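Data first, discussion second: the structure below is written as structure tokens.
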Amino acid sequence: MIRPVVPLLLAVCLASATTAGERPPPDGAWRPHQLSRCARPAPPYPAAREAIAEAHELFELEAGGDAIVVLEDALADHPRSPWLRLMLAQIYVLAGQGEEHCEPFGGPARATGDWPADQRRYLRRADRLLADLAGSWPDDGLVWFLRADAARAAGDVDAASRYDAQGRERCTRLDTLEFVTALRDLGRKPAELLTPIVPEYPAECLQKRITGEVLLDVLIDPHGRVAETVPARRADRRLIAAASEAAAAAGYQAARIGYYPIWSWIQVSVNFSLDN
């Protein structure tokens, strides 16, 4: 029987934290951002890298179940590897969402042919891996988003909501994001300005007929709130202050990868003109 495939819902948000002093790299008008407090994880060691590379190749050949067996064997030999747990959990979530090529015929959650029972076992195995992974990477929100995916596939909406909320309060590190999205082509949607930026013209600038365009880099959190504004080029300090205040009061749509919001920088322009 062909079962419907539920898309893997992944994304990334970086943890809520004091963001003063964050600075965006000058590489475009929109870019994902990792808060400076978010530590980068140590890379996989050689044995884990070999297993991950083999599993990725098998997954690309639509043999995700075989990839699970390779990863489970590697994890048995190297039980402290968080990267093995991360990839395993992701493929188990996909199996639980209905991707038949991901159903394993070996390992602790091997397929039995009883889909409802197998689905529960895949998703329980994924959640256990992720719960263990949370001990190694306690600040990585991506772990909690994957747990939310597993809970959603299991029909546990309340748990999915709790896990999603916990993910929003933690970091999503760009290293782990790239690692997970390597298996799935998740669309990227930039942050978006939803309401006009309407600054109050500084009285002194108005009297002195000071005009100009203020270009700002704006850091948007996963809720669409402004966390920081940084001038992107030189302008009158009074115009910058007025533009920053107005930009912070405007409405935004958070950037997304897949269905999840992420921290990101966007660039906005605020024009001060005597004709307007």
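The values are calculated or read from the model by the stated rules, or taken from the named source; none is laboratory data. Because the structure is predicted, anything quoted here is derived from the model rather than measured. Counting neighbours? That spans all protein chains shown, and the Cβs are built from the backbone with ideal geometry, glycine included.
Would you check if there is a residue in the range 7-27 being surrounded by 12 or more Cβ atoms within 10 Å (Cβ to Cβ), modelled with pLDDT of 65 or more, among the hydrophobic types (A, V, I, L, M, F, W, C) and in a loop (DSSP other than H, G, I, E, B)? Spell out how you get there, then give the answer.
First pass over the range 7-27, keeping only residues surrounded by 12 or more Cβ atoms within 10 Å (Cβ to Cβ): 7-17, 19, 22-24.
Then drop every residue that is not modelled with pLDDT of 65 or more, which leaves 22-24.
When the remaining residues are screened for being among the hydrophobic types (A, V, I, L, M, F, W, C), the result is none.
No, that holds for no residue.
Just to be sure, is residue 242 in contact with a strand residue (DSSP E or B) (Cβ under 8 Å, 6 or more places away or on another chain), within 19 Å of residue 274 (Cβ to Cβ) and at pLDDT 95 or above? Show your work before the answer.
Numbers: in contact with a strand residue (DSSP E or B) (Cβ under 8 Å, 6 or more places away or on another chain): yes; within 19 Å of residue 274 (Cβ to Cβ): yes; at pLDDT 95 or above: yes.
Yes: the conditions hold for residue 242.
Keeping to the range 149-192, report how many residues are β-branched (Val, Ile, Thr) and under 18 Å from residue 42 (Cβ atoms).
Of the residues in the range 149-192, the ones β-branched (Val, Ile, Thr) are 157, 172, 176, 180-181.
From what is left, the residues that are under 18 Å from residue 42 (Cβ atoms) are 172, 176, 180.
Here the count works out to 3.
Any idea which of 147, 162, 152 is assigned to a helix (DSSP H, G or I), under 15 Å from the mean Cα position of the chain (by Cα) and among the charged types (D, E, K, R)?
So the residue among 147, 162, 152 that is assigned to a helix (DSSP H, G or I), under 15 Å from the mean Cα position of the chain (by Cα) and among the charged types (D, E, K, R) is 147.
Can you name the condition, by its number, that residue 60 falls short on among (1) at pLDDT below 90; (2) of a type in the set (D, E, K, R); (3) loosely packed, with under 13 Cβ neighbours inside 10 Å?
The one condition residue 60 does not meet is (1).
Please verify whether residue 83 is at pLDDT below 95, within 18 Å of the chain's Cα centre (by Cα) and not β-branched (Val, Ile, Thr), treating the condition exactly as stated.
Details: at pLDDT below 95: no; within 18 Å of the chain's Cα centre (by Cα): yes; not β-branched (Val, Ile, Thr): yes.
Criteria not met by residue 83.
Name the residues in the range 98-113 that are surrounded by 24 or more Cβ atoms within 10 Å (Cβ to Cβ) and either of a type in the set (S, T, N, Q) or part of a helix (DSSP H, G or I) (or both), would you?
Result: 102, single match.
Taking strands (runs of 3 or more DSSP E) that fall entirely within the range 199-276, which contain at least 3 residues that are over 24 Å from the mean Cα position of the chain (by Cα)? Explain how you work it out, then say what you get.
Working: elements: 212-220, 226-231, 255-257, 260-262, 264-272.
Answer list for the range 199-276: 212-220, 264-272.
Among 149, 164, 132, 139, which is out of contact with any helix residue (DSSP H, G or I) (no Cβ under 8 Å at 6 or more places or on another chain), touching a residue at least 12 places away in the same chain (Cβ under 8 Å) and among the acidic types (Asp, Glu)?
Result of the check over 149, 164, 132, 139: 139.
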